[in-house]
Amino acid sequence: MCVSVSHQRKKQGRKRCMYLSAFSVSEILINDAMMLSLSLSLSLFISLSISYLSQFGRTEVIDNTLNPDFVRKYILDYFFEEKQNLRFDIYDIDSKSPDLAKHDFLGQTFCTLGEIVGSPASRLEKPLGGIPGKKCGTIILAAEELGNCRDCVTMQFCANKLDKKDFFGRSDPFMVFYRSNEDGTFTICHKTEVVKNTLNPVWKPFSIPVRALCNGDYDRSIKVEIYDWDRDGSHDFIGEFTTSYKELTRTQSQFSVFEVSDNTLDFCNDGSLFCNRCSAIIVTLLSFSVEAEHTFLDYIKSTSLHYMNPYQMNAYAMALKAVGEIIQDYDSDKMFPALGFGAKLPPDGRVSHEFPLNGNVDNPYCNGMEGILDAYHQSLKTVQLYGPTNFAPVVNHVARYAAAVQDGSQYFVLLIITDGVISDMAQTKEAIVNAAKLPMSIIIVGVGQAEFDAMVELDGDDIRISSRGKLAERDIVQFVPFRDYMDRTGNHVLSMARLAKDVLAEIPDQLILYMKSRGIKPNQSPPECSPEAGLSPTSAI
């Protein structure tokens, strides 16, 4: 049983601790007398039913043997407090039809999952029945609690100078992998394909979950046997070797070579016994790689901080709304330029670090916070997020606006919302140092769980930011990580209010400091109605 089959069942009442049990059929012993009624192409599989009603799974088919050792495993949820009924049916497969009625029934047995788990070493031997007046043989069932390891390993092996077992032609070798059990027995976990007519086989790469290979125990023994395939099922044993997952992992840096033993005893010249090793038979692990085994939940869970949940705003939108709804009250026309950076733009896939969220290069202005949010959501549908992440182009973009209006009639606030990644630290520092002498401030809100060391450095609260030996004239950057303001009760309104209060607290002092340094006094008379007067917020996402 090498392919895991999951079974999900609804459980009523109070939830309790669940244990995943690896459920395997390790051996079936069919009476030799039954061979008289079977064709030479004997094929077996097991149908497992839960609560005697529904079929849960089938093993692979094994040809021409009365003692099959199935590879396929079943994964079941084990509940100590419940009686979990199981039934196993054995069939001789005569065709490719999935209908069991068209195949020969060989026997069945009933048990509970608790019987298997509670048996010595979680290994249960049961007689097969179901055919009146006949002894149908024995089935051996084994269970083991699964480890939490979710890695999957891909390996490829080759061998040299195998023994010639066929009278005509060479051997037809294949490999069988077993993992050791806690009681010292072994359970089959994988079979390779048969490579025909060769003594130097190169088997195809195969993948297997680490928990199927060693149940997440890297030091557990793994036994590998090599056989010469025979059509009648009486495969000839060539040799074996043992290893462990830890030993196999070394092949990531170099080849691992294993010496094969055939476990026969020979006599030395002095009459003592020694274990014979197959002369010059070497198995080589050609490749070994490990990757995480992904589940259904991994694919449906969104890892993007830009993910648009239909039921709530993402962190980018909440930060934008929290700051923007307050600062927009100080802008006369409520029109704000909104820029994006770090994306490929349609139609040619050009990477841009300074593009309008509304797609209009000539007029990047959006009408109020709702207009910015709409442009942001629409841009996510058209652009492809892409690195590197450069801040300097956006800072310089706003600085060009601020440099054109230094008479005190306007003050610019740039809001940058970022996940903390920055690819042009030196250029950004230089841009901020140059912007510090202009009528502008920069607010940076960090979203996500990344480390924001680079953003803290840009903030300059402890050490004034500098570039090329030149200190910034003013501290114009305020950084906060949004996660520090997330309300534990899930109250996003409260989170946004706290965020806005802290990030905007320094803006008045920064504005006053700029005006005083330039000798600009407040205009006592109300200015003429002009869309250009007041604070001019700019957003960058």
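Would you check which residues across the stretch 480-514 are within 32 Å of the chain's Cα centre (by Cα) and either among the β-branched types (V, I, T) or open to solvent by less than 20 Å² (accessible area, probe 1.4 Å) (or both) and list them?
First, pick out the residues of the stretch 480-514 that are within 32 Å of the chain's Cα centre (by Cα): 480-492, 495-496.
Matches in the stretch 480-514: V480, F482, T489, S495.
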Cβ pairs under 6 Å, 6+ apart or interchain, first in the stretch 78-90 and under 18 Å from S54 (Cα atoms), second small (G, A, S) and open to solvent by 30 Å² or more (accessible area, probe 1.4 Å), ordered by first then second residue, are N85/S51
Taking the stretch 186-240 and keeping only residues that are small (G, A, S) and either open to solvent by less than 70 Å² (accessible area, probe 1.4 Å) or outside the structural domain of D163 (by the TED database) (or both), one is left with A212, G216, S221, G233, S234, G239
Here the residues within the stretch 255-276 that are over 18 Å from N160 (Cα atoms) and modelled with pLDDT of 60 or more are N263
Subset of the stretch 322-354, residues open to solvent by 40 Å² or more (accessible area, probe 1.4 Å) and in contact with a helix residue (DSSP H, G or I) (Cβ under 7 Å, 6 or more places away or on another chain), comes to E325, I326, K334, P346, E354
Across (1) in contact (Cβ under 8 Å) with a residue 12 or more places away in the chain; (2) over 30 Å from Y307 (Cα atoms); (3) outside any loop (DSSP other than H, G, I, E, B), V445 clears everything bar (2)
Taking the stretch 395-432 and the residues there that are open to solvent by 10 Å² or more (accessible area, probe 1.4 Å) and of a type in the set (V, I, T), the one that is farthest from the chain's Cα centre (by Cα) would be V405
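The values are calculated or read from the model by the stated rules, or taken from the named source; none is laboratory data. Keep in mind that this is a model prediction, so the values were computed, not measured. Note that each Cβ is placed from the backbone with ideal geometry, even for glycine, and that neighbours are counted across all protein chains shown. Each accessible area value is taken on the protein alone, full model and side chains, heavy atoms only, with ligands, DNA and RNA left out. Shrake-Rupley method; radii C 1.70, N 1.55, O 1.52, S 1.80 Å.
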